[in-house]
Amino acid sequence: MQTPEEAAQALKDRHFDTKLIHFGAEIDPATGASSVPIYQASTFHHFDIYNPPQYDYSRSGSPTRQALEDYISLLEGGAGGYAFASGMAAISAALMIFSAGDHLIVTEDVYGGTYRLLTTILSRMNIETTFVDMTELDQVKAALRPNTKGVYMETPSNPTLKITDVGAVANWAKEHDLLTLVDNTFMTPYYQRPIEQGVDIVLHSATKFLGGHSDVLAGLAVARTPELAAQLKKLQNGLGTVLGPQDCWLLIRGIKTLGARMERSEIGARRLAHWLSERKDVEAVYYPGLPEHPGRGIHERQSTGYGAVVSFDVGSEERAKRLLNRVKLPLVAVSLGAVESILSYPPMMSHAAMPREVRLERGIADGLLRFSVGLENVDDLIADLEQALAD
Ligand SMILES: *Cc1c(COP(=O)(O)O)cnc(C)c1O
């Protein structure tokens, strides 16, 4: 018989693709069922008042959620994972580690919802933020203050796919006792595992690639150490922003095919990016897999793939809107990372709240579109874009 420690080690020793399928809870020990049961229960009976049950109330813990939380922790290589009602719920909970008077250094291309949380909610609680261009380590260093407590990264960033050197920032942060956080939504642990680069907390909008089917809203947080894991657990229980059992199950089901989906949609994204980059009527293409991408070298050191998101500039608002009205295949929507391709228009969607001058300064031009490549045949996607781009 294996001891529990030996069993845990055996799971960790497997290749990533095998972990996606055999993660420890893939067979229900009670019945042999081939998937994790959905425990649709809010509370748990105390059979013996002297020996409380393992789970006592579903906000504090539920077997279906536990299976998902152990799964993401295994995949990211952490000491504990936590599931939340949305990506923003996970990010909010993690940022509640900080206290009034603390200062954070955050990438200037941070996800819009995170920007809003920092500038309109945490700011009221006297947590200050300095936004910097994280492609420049010197800018990160220059933002350090006596009360700086954390550094928050997102790489590749949205929607211009800028690359932050995660290891370099994490090493510098460690010298100054700063907590490091990475939003790993775009890459997923299939392509990038920030904890291996020394990062303390990894965050996900699992709504995107992890769920993968545009049918569940969810967030995940993974801690590098048992101490940080205990802090996250306390915040999750205290804030109460947990993920329900049905959504936990949907997410487990989605993650099982993560490798196959990422691999396949990346092949499409590479073709699409290359095709776009050869067109005279496309002003710019942003994709870390293109040879001319300035962050390509750093990205290749810290990730094993380029991902499925390609942004491109068609030159004007008018042209972007015409294309959006003409495309037949992609969903024209906010969001990304699904089996179907999703085309979004950041100036009117994710970045609508940003003043135009600031938006342009960040490289988000009036004609910028973001294409999240799904699992369709890429020749069909290209043909569709071709007809939509025609004069
Ligand atoms: C969508 C997204 C979020 C927010 O997640 P929700 O699940 O929508 O709350 C955070 N970060 C990134 C990079 C995202 O794309």
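Bear in mind these aren't lab numbers, they're just calculated from the coordinates by the rules spelled out. In this text, all values refer to a predicted model and were calculated from it rather than measured experimentally. When we count neighbours, we look across all protein chains shown, and the Cβ atoms used for this are built from the backbone with ideal geometry, even at glycine.
Placing +1 at every Lys and Arg Cβ and -1 at every Asp and Glu Cβ, with all other atoms neutral, what dipole size does the stretch 259-389 have around its Cα centre, in debye to the nearest 20?
Charge dipole, the stretch 259-389, about its Cα centre: 180 debye, nearest 20.
Distance between the C-alpha centers of the stretch 93-167 and the stretch 244-319? Whole Å please.
For the stretch 93-167 versus the stretch 244-319, the Cα centre distance is 24 Å.
Once the Cβ-Cβ distance between HIS176 and ASN237 is put in as r, and R0 is 35 Å, what FRET efficiency do you end up with, to the nearest 0.05?
On the way: r = 30 Å, r/R0 = 0.86.
After rounding to 0.05, the efficiency reads 0.70.
Place the peptides 250-260, 292-302, 149-159 in order of packing, highest mean first, counting for every residue the other Cβ atoms within 10 Å and averaging per peptide. Spell out each step's value before the answer.
Details: 250-260: 20.1, 292-302: 16.1, 149-159: 24.4.
Highest to lowest by the protection proxy: 149-159, 250-260, 292-302.
If each Cα of the chain is one equal point scatterer, what is log10 of I(q)/I(0) from the Debye formula at q = 0.06, 0.14, 0.15 Å⁻¹?
-0.24, -1.24, -1.39
On a full-extension model of 0.36 nm per residue, what is the gain between ALA168 and ARG253, subtracting their alpha-carbon distance, rounded to one decimal in nm?
27.1 nm
Between ASN147 and LYS280, what is the label-point separation in nm under the 7 Å Cα-to-beta-carbon projection?
Label-label distance for LYS280 and ASN147, simple model: 5.7 nm.
I need the peptides 71-80, 268-277 ranked by packing, meaning the mean over residues of other C-beta atoms within 10 angstrom, with the highest value on top.
Going by the mean number of other Cβ atoms within 10 Å, highest first, we get 71-80, 268-277.
Sorted from fewest to most neighbouring beta carbons within 10 Å, what does the list SER86, SER205, SER35, SER42 look like?
Arranged by neighbour count, lowest to highest, SER86, SER205, SER35, SER42 become SER42, SER35, SER86, SER205.
Hey, with R₀ at 30 Å, roughly what FRET efficiency would ARG301 and ASP133 work out to, going by the Cβ-Cβ distance, to 0.05?
E(calc), rounded to 0.05, equals 0.95.
Select from LEU323, TYR287, PRO347 the residue farthest towards the positive end of the dipole of the stretch 259-389; place +1 on Cβ of Lys and Arg, -1 on Cβ of Asp and Glu, and compute about the Cα centre.
PRO347
Could you size up the charge dipole of the chain around its Cα centre, putting +1 on the beta carbon of Lys and Arg and -1 on that of Asp and Glu, and report it in debye to the nearest 20?
Numbers: 36 positive and 48 negative charges, 93 e Å.
In debye, rounded to 20, the chain gives about 440.
Taking the Cα of ASN51, stepping 7 Å toward and past its beta carbon, and measuring to each backbone N in the stretch 1-32: which are under 20 Å?
It comes to 4, 29-31, nothing else.
Can you list residues whose amide H is under 5 Å from THR225's amide H, if they're 5+ apart or on another chain and H is modeled 1.01 Å from N?
ALA79
Mind checking the angle between helix 166-175 and the chain's longest principal axis? C-alpha axes, 0 to 90 degrees, to the nearest 10.
For 166-175 against the chain, the angle is about 60 degrees.
Using C-alpha positions alone, give me the convex hull volume of the stretch 153-255 per residue in cubic angstrom.
112
What are the semi-axes of the equivalent ellipsoid for the stretch 150-207, taken as the square roots of 5 times the Cα gyration tensor eigenvalues, largest first, in whole Å?
19, 12, 10
Under a point spin-label approximation (7 Å from Cα along Cα-to-Cβ), what is the SER60-LYS321 distance to one decimal in nm?
5.6
So if each residue of separation counts as 0.36 nm, and I subtract the Cα-Cα distance between ALA352 and ASP380, what length gain in nm does that give?
7.1 nm
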